[in-house]
1. From the set of residues in the range 379-393 that are within 30 Å of residue 311 (Cβ to Cβ) and open to solvent by 50 Å² or more (accessible area, probe 1.4 Å), which is nearest to the chain's Cα centre (by Cα)?
2. Could you check how many residues of the range 154-174 are over 22 Å from residue 120 (Cβ atoms) and either open to solvent by less than 10 Å² (accessible area, probe 1.4 Å) or in contact (Cβ under 8 Å) with a residue 12 or more places away in the chain (or both)?
3. Of a type outside the set (D, E, K, R), free of Cβ contacts under 8 Å to residues at least 24 places away in the same chain and under 28 Å from residue 155 (Cβ atoms), is that true of residue 400?
4. When the range 286-310 is examined, which residues are found to be touching a residue at least 40 places away in the same chain (Cβ under 8 Å), outside any loop (DSSP other than H, G, I, E, B) and open to solvent by 20 Å² or more (accessible area, probe 1.4 Å)?
5. Kindly evaluate residue 151 against the criterion of being without any contact (Cβ under 8 Å) to a residue 40 or more places away in the chain, over 30 Å from residue 350 (Cβ atoms) and open to solvent by less than 70 Å² (accessible area, probe 1.4 Å).
6. For the range 524-562, enumerate the residues that are closer than 30 Å to residue 402 by Cβ and among the charged types (D, E, K, R).
7. I need the full set of residues from the range 25-45 which are open to solvent by 50 Å² or more (accessible area, probe 1.4 Å), assigned to a helix (DSSP H, G or I) and at pLDDT below 80, in order please.
8. Applying the selection to the range 318-346, what residues are in a helix (DSSP H, G or I) and surrounded by fewer than 18 Cβ atoms within 10 Å (Cβ to Cβ)?
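The values are calculated or read from the model by the stated rules, or taken from the named source; none is laboratory data. Computed from a predicted model, the values in this text were never measured in an experiment. We place every Cβ from the backbone using ideal geometry, glycine too, and count neighbours over all the protein chains shown. With ligands, DNA and RNA removed, areas are computed over all heavy atoms of the protein, side chains included. Shrake-Rupley method; radii C 1.70, N 1.55, O 1.52, S 1.80 Å.
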Amino acid sequence: MNDIPAYLASLFAFNDDHPLLFTQIHFWVLFFIIYLFFSFIVSYKKKDSSFSPIKRVFRNGYLFFFSLFFYYKTSGLFVLLLIFSTLLGWSLGIGMDHSLSTARRKFLRTIGVAVNLGILCFFKYAYFFTDIFNATFGTEYSIAIKIFLPVGISFFTFQNISYIVDVYKRKIPHVSNILDFGFYTAFFPQLVAGPILRADQFVPQLYKPFFLSRRQFGIAIFWIVNGLIKKLVLADYLAACFVDRIFENPNLFTPFENFSGLMLYSLQVYADFSGYTDIAIGVAMLMGFYLPVNFNSPYKAQNPTDFWRRWHMSLSRWLRDYLYIPLGGNRTSGVTSYCILFAILLIAAFRLKITGFTIAVVAIIAVILLLYFFRPSHRKTLGTNVNNMDTMLLGGLWHGSSFNFITWGGLNGLGILVFKWWKGCPWRFRLLVLFLATVSLGIASHTTDLPLLNLLYYCIFTLLIGFTIVFLLKRFCQVPTLNSQLSTAWAVAITFVFISFTRLFFRSGSNLDPAEANEQAWQTASMMVEQIGSHWELSQIPAILANYWNVFLVFVIGMIVHWLPTRFKRRYRIWFASMPLWLIAAVCVVTAVVLYQFVTAGPQPFIYFQF
C-alpha cells in the first residue's frame, strides 16, 4: 500500500529519462482517470439539455489544461513555449479579425508566421545554420549554450501558422475564447507527433456537442489496439532485433543484411508513425473529436507521386496549400522559387565540398537558366518542376536539421520529376534508355570498382529485366487481368525499393545530436552504400534468413497485412466494432498479454517525436 502514493506521484511528475508515451501503462492509467472526469463533464445535464457555451468552454478548457499537463510530462518546462505560441496565435487572430485595414491584417499575419518560424528555426536549426555559415566563410563559431529540441515543435508551430493564415484569408473566423483556442493548439493525442491539424478542419469541431455512438466507441478501441500492435509488434521488434544493429555499424554486416535493414526500416518507420496516428485517432474519437487520416496504405503506391499522396497526408497537404501553391503551384513560378532551389544547391555544394557534386550543381543551375531564358514555351513546365523540388527539399528540411534530410527530400523530389518524364515516354524508348544505362554503368563499375557505381548498376539492371518482362507481357499476354495485376505488382515493388533507398539518408541522421548529425549521418550512409554495392555472396543468404527467421517472418506478415484490400480492412474494422462489449474487452486483455511478450528493453520513443 505504501507504493501507491509513490506511484501516483510518479504519474504527475516529469521525468526527463522517461517521458510519457502512449505505449506506457502510466499513460493509460492517467488517461482513465482523466476520462472519468471528462465523461462526467459531457454527460452532466441541467433542465436545459442543449450544448451550452459554458459547457463547451468547460469541456474544452478541461482538455486544454490536461493537454498542457501531457506536454509537460513529455517535455518539461518547454510547456511554457507551447503556452507562448498559443497566446501569440490567439491574440493575432483576434487582431486580424477586428482590423478593417488590409495592410494591418497583412502585417499581423507576417508577424505571426515570422515568429513561429523563428521559434522553429532557433530550436531546430541553430546548429545547422551555424555549421553552414562556418563551412561557407571558413569561420569557427560555435553555440555557447546547449539547445534542446522541444518534442513536437514542428507540429504545433505548423498548426499555429495554419490558423493565422486561414484567419487572414477569412476561411474561418477567429476563436475568441483562449480556452477553445488553446485546446486546438495543444490537443494532446496529436500534439507531439501529428497528424497536423488544419484550422479550417478542426476549429469547427470545438463548438460541437459530445457524441459517441456504440459503433464509434468500438472503432476507437480498434484504432488504439491496432496502433499499439503496429508500434510494439512491428516497429519496436524490428528495430531492436535487426534494424538498429545494422545502422549502428554497417561494416559488420553483409551486403544482403544491409539491404534487408533498409527494407525492414521502411516497415518499421511506417508502423511506428502510423501506429502513433492510429492511437491518436482512437483516443480523440473517445472524446468525440475526429483527426484527419494520415496514411492510406503508402506501400501500395505505384510511383513516388502516389506515395506522397498516401504518406503523412496531413503534412503533404499542408506543404501543398501553404508552400507549393503560394510558390505558384503548377501555374507559374516566380523569382522566389528559383532562389530557393539555387540557394539550397549552392549551400550544399559549399558545405560538402565534393568536386563532382559541385560540378553537377553548377551544371543544373546553368541548364535551368538556359531553359528559362531561351525556351520560353517551357517556362510553365520548368516552373512547376522547380516548385515541386522546392517543396520536397523544404519538406526534407522540416524533418531534420542536416543535409542528409535535405538529400532525402531531394531524392524524393527527383523521383517525382523522373516519373513525370518517364510516364510520357513510349515503352520502346524506356527500354532503350534502361539498356544504354545498364551497359554504361556496367562498363564503369567493372572499370573503377566503385561501390556506388556497382549499386547503381544492380538497380538499373534489375529495372531493365523487370520492364522487359512487363513489356513482353503487354505485347503477348492474352489475359488482361493477369497482365494488369503483374504490372501493378512490379510498379509497387519498384516504388517500395526506391522509397526504402531514399530512407538510407533519413534513418542515418535520426536520433543524432543536431550538432553532429551532418558528419555521422553521411558516414553511416556511405558505409551502407559501400556494403550494398560490394560483392554479394549469395551462398550466405540462406544462413542469414535462418538466423533471423523470426524477424523476416514478422516483416513478411506485416507487409501482407499492409497490402490487404482496403475494403477488406474496413469490413473487419466494422466487425470488431460491432462485437459485444465483453468480447471487445476480452480481445483487449489478450492483446495486452501478447504485446507484453514483444516488449523489448523498455518502451521506445516514437520516431517522429524528434520532428
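1. First pass over the range 379-393, keeping only residues within 30 Å of residue 311 (Cβ to Cβ): 380-393.
Keeping just the survivors that are open to solvent by 50 Å² or more (accessible area, probe 1.4 Å) gives 380-381.
Working: 380: 30, 381: 28 Å.
Once the filter is applied, the top-ranked residue is 381.
2. Step one: list which residues in the range 154-174 are over 22 Å from residue 120 (Cβ atoms), which gives 170-174.
Cutting the leftovers down to either open to solvent by less than 10 Å² (accessible area, probe 1.4 Å) or in contact (Cβ under 8 Å) with a residue 12 or more places away in the chain (or both) gives us 171-174.
Counting residues in the range 154-174 that are over 22 Å from residue 120 (Cβ atoms) and either open to solvent by less than 10 Å² (accessible area, probe 1.4 Å) or in contact (Cβ under 8 Å) with a residue 12 or more places away in the chain (or both) gives 4.
3. Values: of a type outside the set (D, E, K, R): yes; free of Cβ contacts under 8 Å to residues at least 24 places away in the same chain: no; under 28 Å from residue 155 (Cβ atoms): yes.
No; evaluated as a whole, the condition is false for this residue.
4. 300, 305, 306, 308
5. Working: without any contact (Cβ under 8 Å) to a residue 40 or more places away in the chain: no; over 30 Å from residue 350 (Cβ atoms): yes; open to solvent by less than 70 Å² (accessible area, probe 1.4 Å): yes.
Judged against the criteria, residue 151 is not a match.
6. Residue satisfying the conditions is 530 alone.
7. Within the range 25-45, 25, 26, 43 meet the criteria.
8. Here is the first cut: in the range 318-346, the residues in a helix (DSSP H, G or I) are 318-327, 335-346.
Matches in the range 318-346: 320, 321, 322, 323, 325, 326, 335, 336, 339, 342, 343, 346.
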